[in-house]
1. Return the residues of the stretch 106-118 that are out of contact with any Ser or Thr (no Cβ under 8 Å at 6 or more places or on another chain) and without any contact (Cβ under 8 Å) to a residue 24 or more places away in the chain; say none if nothing qualifies.
2. Could you please give the count of residues in the stretch 6-19 that are in contact (Cβ under 8 Å) with a residue 60 or more places away in the chain and in contact with a Leu (Cβ under 6 Å, 6 or more places away or on another chain)?
3. Scan LYS88, LYS47 and give me the residue that is closer than 24 Å to MET1 by Cβ and over 18 Å from the mean Cα position of the chain (by Cα).
4. Report, by residue number, each residue of the stretch 66-96 that is small (Gly, Ala, Ser) and exposed (fewer than 12 other Cβ atoms within 10 Å of the Cβ).
5. Taking PHE84 as the residue in question, decide whether it is assigned to a strand (DSSP E or B) and not β-branched (Val, Ile, Thr).
6. Are there any pairs, at least 6 apart or on different chains, whose C-beta atoms fall under 8 Å, with the first in the stretch 20-45 and assigned to a helix (DSSP H, G or I) and surrounded by 11 or more Cβ atoms within 10 Å (Cβ to Cβ) and the second at pLDDT 90 or above and not aromatic (Phe, Trp, Tyr), and if so, which?
7. Give the stretch 46-74 a look and list any residue that's modelled with pLDDT under 85, among the aliphatic types (A, V, I, L, M) and not in a helix (DSSP H, G or I), or say none.
8. Within the stretch 87-105, track down each residue that is assigned to a strand (DSSP E or B) and without any contact (Cβ under 8 Å) to a residue 12 or more places away in the chain.
Amino acid sequence: MFSKIMFATLYVSDQDKALDFYTGNFGFEKMADNPGPEGRFLLMSYKGQGWPVLLWPGTGGRPASEADRMGTIFLQSDDLRKDFAELKARGVTFVEPEPEDYTWGVRVTALDPDGNWIALRQQGSSRQREK
């Protein structure tokens, strides 16, 4: 089943300004800053702690648009396709019909009873898992 929280999301209007604010005022450190298919993936965390925060484009604490929507919590799985099948059998609703391969692993998005997105991820490329 799931093994850890990967990261949480803060929707921000300006990623650089937000990073400066959190690093300068609260002691966060930048962990990752990578371009991605959906946008700039900017992670920060406290040094030595394993629960990072994603600074993702948005306004007023919300995604910029429905197309830009990311999960508000990301959970890591060791076998996402198996976990997906178990959760679906329990009646959990998903945004995508099946888990999808993506650049850094496998992903699918669950919905809680209020419609909040729960991003479920398995790290590692699909080619690595097949070996």
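The values are calculated or read from the model by the stated rules, or taken from the named source; none is laboratory data. Just so you know, these numbers come straight off a predicted model, no measurement behind them. All Cβ positions, glycine included, derive from the backbone under ideal geometry; neighbour counts span all protein chains shown.
1. Taking the stretch 106-118 and keeping what is out of contact with any Ser or Thr (no Cβ under 8 Å at 6 or more places or on another chain), we get 107-109, 112-115.
If the condition is that a residue be out of contact with any Ser or Thr (no Cβ under 8 Å at 6 or more places or on another chain) and without any contact (Cβ under 8 Å) to a residue 24 or more places away in the chain, then ASP112, PRO113, ASP114, GLY115 are the ones that fit.
2. Residues that pass the stated criteria total 2.
3. Of LYS88, LYS47, the one residue that is closer than 24 Å to MET1 by Cβ and over 18 Å from the mean Cα position of the chain (by Cα) is LYS88.
4. Start the filter on the stretch 66-96 by keeping residues that are small (Gly, Ala, Ser), which leaves 67, 71, 77, 85, 89, 91.
The answer is ALA67, ALA89, GLY91.
5. Taking the combined requirement at face value, the residue does not satisfy it.
6. TYR22/MET44; TYR22/VAL53; TYR22/LEU55; THR23/GLU29; THR23/LYS30; THR23/MET44
7. ALA64, MET70, ILE73
8. Once the filter is applied, which keeps residues that are assigned to a strand (DSSP E or B) and without any contact (Cβ under 8 Å) to a residue 12 or more places away in the chain, the stretch 87-105 yields only GLU100.
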